[in-house]
Ligand code: GLC
């Protein structure tokens with residue numbers, strides 16, 4: 001299958017942010033990082049010489065890429081993306097281009113290789129994150145204004161000396177990559193972005209490039225972090241999301257999403273035609289915080305029973321009203337709409353969907369297949385269609401009860 005077609009239907013992926021910053025957990029010498037833990041070096045303007053010392057004791061003995069990939073599979077995820085080099089410039093793989101990498105730490109093992117091999121074993125598509133513009137370690141990289149004088153910087157020295165050769169290493173040493181995930185392109189000169197994109201395609205023609213390469217050169221649109229589009233977006237897209245508010249491991253941020261939050265996000269993103277790339281940030285020992293795996297376990301259990309309403313689904317025309325009970329997804333193949341009841345009615349167990357102009361054939365609970373009574377009406381005075389479905393008194397699924405609505409004809413939605 002065409003890679004982009006695969007991507008559009010994949011729906012749900014795992015993002016892994018890992019690097020030296022994980023050792024700090026968002027706090028440096030008693031000072032907390034004001035925002036994302038993986039940005040601590042920049043936020044606190046930690047000198048390169050200081051920050052680099054972390055590499056001397058970097059030894060995430062508990063990191064288990066096999067286990068993470070196996071879990072990702074059990075969680076229902078369809079691809080895995082790992083940070084090979086984040087903005088701090090430290091490479092998690094064996095790079096001949098720069099010694100600032102994992103091989104020169106007590107750990108001494110290529111983490112990207114371990115993930116690539118684990119993914120290959122599990123048949124899991126593997127993608128790599130690479131920060132192409134920001135590099136706070138390289139004197140000519142973008143972002144570090146406290147060690148280096150920006151007026152003396154020559155970005156092309158960094159681009160040809162580190163970025164491009166490292167991206168080549170990643171494209172040639174880690175098997176088939178489903179995608180390369182670039183980030184924060186800022187004002188990187190267009191010709192360099194084009195060269196980067198051309199290099200990816202020359203080495204791996206089927207490797208997708210995300211939108212954050214800039215200048216519309218990506219194969220799919222990368223929505224802003226944690227930002228779900230309000231309407232259906234025509235074209236492939238992905239929403240990267242955190243489970244708390246930091247990508248890198250943070251000891252400070254305990255504001256975890258609930259399984260219901262994740263399922264709601266997944267439903268909304270799938271309903272609008274995109275993928276959710278959901279992040280975990282292992283700690284400095286390589287351990288994935290239990291608070292995040294607990295949520296992913298619960299979402300995975302729900303997906304196992306309700307995956308039909310999430311995977312291989314297609315966008316449906318936008319409904320004009322926001323439904324207070326939840327949101328919808330749609331599967332073209334079976335011409336079925338899925339109503340996701342995220343807020344179950346406490347009394348009067350009935351939900352309505354306004355403005356559905358298609359004729360409904362049959363309505364059932366997705367789990368168990370119990371047929372549900374329904375009625376379609378057209379309100380003459382309001383000129384509005386209404387589908388009402390009677391749902392069981394007792395809430396079948398505390399997080400999200402899915403109602404499958406089989407349509408008898410083409411999907412049609414009224415406008416306001
Ligand atoms: C951001 C941040 C970064 C994170 C990324 C994930 O732009 O700079 O730390 O890796 O988004 O989407």
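Values quoted throughout were computed directly from the atomic coordinates according to the rules given, and no laboratory measurement underlies them. Remember, predicted model here, so these are calculated numbers, not experimental data. Backbone-built Cβ (ideal geometry, glycine too); neighbour counts: all protein chains shown.
What order do you get for 311-317, 235-241, 179-185 when each peptide is scored by the mean count of other beta carbon atoms within 10 Å, highest first?
Listed from highest to lowest mean packing, they are 179-185, 235-241, 311-317.
Most exposed first by the Cβ proxy, i.e. fewest other Cβ within 10 Å, how do 195, 308 rank?
Ranking 195, 308 by Cβ neighbours within 10 Å, fewest first, gives 195, 308.
At residue 224 and residue 412, where each label point lies 7 Å from the Cα along Cα→Cβ, what is the point-to-point distance in nanometres?
Here the modelled spin labels are 3.7 nm apart.
Only helical DSSP H runs with n ≥ 4 go in: add -39500 (n - 2.57) per run for the chain, normalise by residue count and round the 222 nm mean residue ellipticity to 500 deg cm²/dmol.
Calculated mean residue ellipticity at 222 nm is -7000 deg cm²/dmol.
For each of 156, 98, count neighbouring Cβ atoms within 10 Å of the residue's Cβ, then give the residues from fewest to most.
Details: 156 14, 98 19.
The order, fewest Cβ neighbours first, is 156, 98.
Work out, step by step, the length gained on full extension between residue 194 and residue 9: first 0.36 nm times the residue separation, then minus their alpha carbon distance; give nm to one decimal. Can you show the working numbers first?
Values: separation 185, 0.36 × 185 = 66.60 nm, distance 2.72 nm.
Contour length minus the Cα-Cα distance gives 63.9 nm.
On a 0 to 90 degree scale, rounded to 10, what angle separates helix 190-203 from the longest Cα axis of the chain?
For helix 190-203, the angle is close to 80 degrees.
So for each of 3-10, 345-352 I average, over its residues, the number of other beta carbons within 10 Å; can you give me the resulting order with the highest mean first?
Ranked from most to least packed, the peptides come out as 3-10, 345-352.
Suppose R0 equals 60 Å; then what is the FRET efficiency for residue 370 and residue 31 from their Cβ-Cβ distance, rounded to the nearest 0.05?
The pair residue 370/residue 31 has a calculated efficiency of 0.60.
Using the basic label-point model (7 angstrom from Cα toward the beta carbon), what is the residue 346 to residue 398 distance in nanometres?
1.7
Please report the relative contact order for the chain, taking Cα pairs under 8 Å with a sequence separation of at least 6, and give it as a percent rounded to a whole number. It would help to have the intermediate numbers written out before the result.
On the way: 892 pairs, mean separation 67.5, N = 416.
Relative CO of the chain lands at 16 percent.
State, to one decimal in nm, how far the label point of residue 49 lies from the label point of residue 290, with both points 7 Å from Cα in the Cβ direction.
In this crude spin-label approximation the distance works out to 4.2 nm.
Could you give the alpha-carbon Rg of segment 1-160 over 2.2 N^0.38 Å, rounded to two decimals?
Values: Rg = 16.9 Å, N = 160, 2.2 N^0.38 = 15.1 Å.
Ratio of Cα Rg to 2.2 N^0.38 Å: 1.12.
Can you tell me the FRET efficiency between residue 109 and residue 176 if r is taken as the Cβ-Cβ distance and R0 is 30 Å, rounded to the nearest 0.05? Write down the numbers at each step before the final one.
Working: r = 22 Å, r/R0 = 0.72.
E(calc), rounded to 0.05, equals 0.90.
Counting just the Cα atoms, what span does segment 269-404 cover along each of its three principal axes? Round to the nearest Å and put the largest first.
The Cα atoms of segment 269-404 stretch 64, 31, 25 Å along their principal axes.
What percentage of all Cα-Cα pairs in the chain are separated by more than 26 Å?
In whole percent, the share of Cα-Cα pairs in the chain beyond 26 Å is 56.
Once you have the Cα-Cα distance between residue 314 and residue 251, take 0.36 nm times their residue separation minus that, and quote the gain in nm to one decimal.
Values: separation 63, 0.36 × 63 = 22.68 nm, distance 3.84 nm.
In short, 18.8 nm is gained.
Rank-order 82-90, 256-264 by packing density, defined as the average count of other C-beta atoms within 10 Å over each peptide's residues, highest first. Could the numbers behind the result be given before it?
Values: 82-90: 27.1, 256-264: 18.8.
Result, highest mean first: 82-90, 256-264.
Could you please state, rounded to a whole Å, how far the C-alpha centre of segment 87-136 is from the C-alpha centre of segment 212-288?
Spelled out, the Cα-based centre of one part sits 21 Å from the other.
In which sequence would 378, 330, 233 go, from the one with the fewest C-beta neighbours within 10 Å to the one with the most?
In increasing order of surrounding Cβ atoms, one gets 378, 233, 330.
Provide the gained length on full extension for the span residue 301 to residue 160, in nm with one decimal, where the gain is 0.36 nm per separating residue minus the Cα-Cα distance.
Roughly 46.1 nm would be gained on extension.
Just to be sure I understand: of the beta bridges DSSP finds with both ends in the chain, what percent are antiparallel, rounded to 5?
55
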